[in-house]
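Notes to accompany the following structure.
The values are calculated or read from the model by the stated rules, or taken from the named source; none is laboratory data. All values derive from a computational prediction rather than experimental measurement. Note that we place each Cβ from the backbone using ideal geometry, even for glycine, and neighbour counts take in every protein chain shown. Quick note on the areas: whole protein, heavy atoms, side chains included, nothing else; ligands and nucleic acids left out. Shrake-Rupley method; radii C 1.70, N 1.55, O 1.52, S 1.80 Å.
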Amino acid sequence: MAKYQEVIDWIQKQVSSGALAPGSKIPSENDLCVQFNISRQTVRHAIGILVQEGILTAERGSGTYVTDERVQTGERSRIAVITTYVDSYIFPKTIQGIESKLRELGYTVQLFFTNNSSVREREILSEIIEKDEVAGIILEPTRSALPNPNTDLLSKITAMKIPILFMNSYYPEMTRTSSGEDGGSGIPHVSMNDKKSAYKAVKSLLDSGHRNIGCVLKMDDRQGLDRYSGYQEAISEKGLAPEDSRITWLDTEDLKSQEHIKDKIRDRLSDCTAVFCYNDEVAALVMQILKEDGRKVPADISLVSMDDSDLAKLTRPPIDSIPHPKEKLGERAAENLVRLIHHPGFSATYEFEEDITKRGSVKEI
């Protein structure tokens with residue numbers, strides 16, 4: 001990692017944790033030079049980037065301060081937070097992270113739930129446009145792997161100068177990449193790096209000697225496609241080809257009524273020694289099917305998953321799983337949206353990278 005990036009990461013961490021509060025002065029250039037054993041030029045380069053992004057404010061003759069992004073008198077203070085569900089094991093903590101950070105900065109939260117319905121999403125976006133009262137929007141996309149029927153409304157909101165930030169996933173046709181390149185209206189996102197996370201999960205199976213690896217994924221959420229890309233990359237690195245006969249694609253409706261999909265999952269995993277699951281909810285379903293068939297984890301088939309929720313800890317055996325950042329993701333989404341409100345050019349896209357938590361659901365072969 002470049003030396004100036006170490007300084008940037010450290011300052012961002014201090015700001016995010018509250019160790020450097022809004023309006024507080026950061027350590028002097030000399031102090032940072034000593035702390036990181038680098039030149040003043042390198043420190044100035046790092047500070048210059050953070051000033052450009054709006055995180056810091058330089059005052060001539062005084063010093064450099066954490067930009068005070070708390071809502072000011074007369075400014076809009078309401079943030080619309082639109083998520084798919086409220087009762088999922090991920091969202092309560094994510095919403096808690098959003099609400100906590102926004103409250104700290106003087107903003108209030110207005111919650112909406114789409115139940116993963118693009119029709120309901122459209123109703124909510126239309127209401128927001130009609131009332132024109134919010135300072136910004138945090139939106140978890142609905143069935144983000146499918147063509148989005150609401151791009152017209154998102155474009156209209158963007159034209160109204162109301163910042164939008166995608167959370168957990170994104171609509172590719174309207175997304176700003178982490179490198180700052182725009183697609184469509186250039187809406188940034190805060191999410192997991194689903195491709196890299198899936199790659200790590202599948203690599204853990206490959207490193208344990210498995211080659212016949214199936215996967216059970218969602219096809220109507222963007223995360224499913226990105227996780228499949230990670231699965232493909234890990235498999236290909238070993239000189240293997242992904243076998244379509246071992247891939248099970250599910251959608252939101254399948255998970256509401258699970259009995260009719262059990263036979264398909266059984267068939268696709270019949271010759272597999274290991275399986276990668278879309279998330280812990282899907283993993284729990286797969287384990288139920290395996291148990292009904294008398295197959296044991298990990299003795300007969302190894303299993304890895306995503307989210308590292310309570311489900312992963314409570315199943316028997318507990319599941320190896322990639323953690324979802326949950327509350328941290330919510331805090332970062334809130335923080336980045338507020339920066340976007342005050343600094344429209346801020347590069348607000350951020351992707352979390354996590355490592356697998358091992359609990360014993362993978363057998364060495």
Task: Test: residue in the range 128-147 that is part of a helix (DSSP H, G or I), at pLDDT 95 or above and either buried (at least 19 other Cβ atoms within 10 Å of the Cβ) or under 22 Å from the mean Cα position of the chain (by Cα) (or both) - done: yes
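Do any helices (runs of 4 or more DSSP H) entirely within the range 205-286 hold 1 or more residues that are touching a strand residue (DSSP E or B) at 6+ places or on another chain (Cβ under 7 Å) and crowded, with 18+ Cβ neighbours inside 10 Å, and if so, which?
On the way: elements: 222-237, 252-256, 262-268.
Correct list: 222-237, 262-268.
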Open item on the list: Testing Val7 on (1) at pLDDT below 95; (2) among the aliphatic types (A, V, I, L, M); (3) surrounded by 14 or more Cβ atoms within 10 Å (Cβ to Cβ), one condition comes back false. Which one is that?
Closed with: (1)
Task: Hey, Pro163 at pLDDT 95 or above, more than 19 Å from Met219 (Cβ to Cβ), surrounded by 15 or more Cβ atoms within 10 Å (Cβ to Cβ) and of a type outside the set (A, V, I, L, M, F, W, C) or not - done: yes
TODO: Pick out the one residue from Thr349, Thr357 that is of a type in the set (Ser, Thr, Tyr), touching a residue at least 24 places away in the same chain (Cβ under 8 Å), buried (at least 19 other Cβ atoms within 10 Å of the Cβ) and closer than 21 Å to Asp194 by Cα.
DONE: Thr349
- [ ] Can you confirm whether the range 320-334 contains a residue that is in contact with a Ser or Thr (Cβ under 7 Å, 6 or more places away or on another chain), among the polar types (S, T, N, Q) and at pLDDT below 95?
- [x] no
Open item on the list: Quick check on the range 105-116. Is at least one of its residues open to solvent by 10 Å² or more (accessible area, probe 1.4 Å), at pLDDT 95 or above and within 22 Å of Phe352 (Cβ to Cβ)?
Closed with: yes
TODO: Could you look through the range 56-70, keep only residues that are touching a Ser or Thr at 6+ places or on another chain (Cβ under 6 Å) and open to solvent by less than 40 Å² (accessible area, probe 1.4 Å), and pick out the one that is farthest from Gly345 (Cα to Cα)?
DONE: Val66
TODO: Spot the failing condition for Gln96; the list is (1) surrounded by 15 or more Cβ atoms within 10 Å (Cβ to Cβ); (2) touching a residue at least 60 places away in the same chain (Cβ under 8 Å), and only one is missed.
DONE: (1)
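Look at Leu303 and say whether it is surrounded by fewer than 16 Cβ atoms within 10 Å (Cβ to Cβ), in contact (Cβ under 8 Å) with a residue 12 or more places away in the chain, more than 30 Å from Gln72 (Cα to Cα) and more than 21 Å from the chain's Cα centre (by Cα).
Criteria not met by Leu303.
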Task: Set Ile341, Ile322: member being open to solvent by 10 Å² or more (accessible area, probe 1.4 Å) and either closer than 30 Å to Thr175 by Cβ or assigned to a helix (DSSP H, G or I) (or both) - done: Ile341
TODO: Answer yes if at least one residue in the range 168-187 is β-branched (Val, Ile, Thr), out of contact with any His (no Cβ under 8 Å at 6 or more places or on another chain) and not in a strand (DSSP E or B), and no otherwise.
DONE: yes
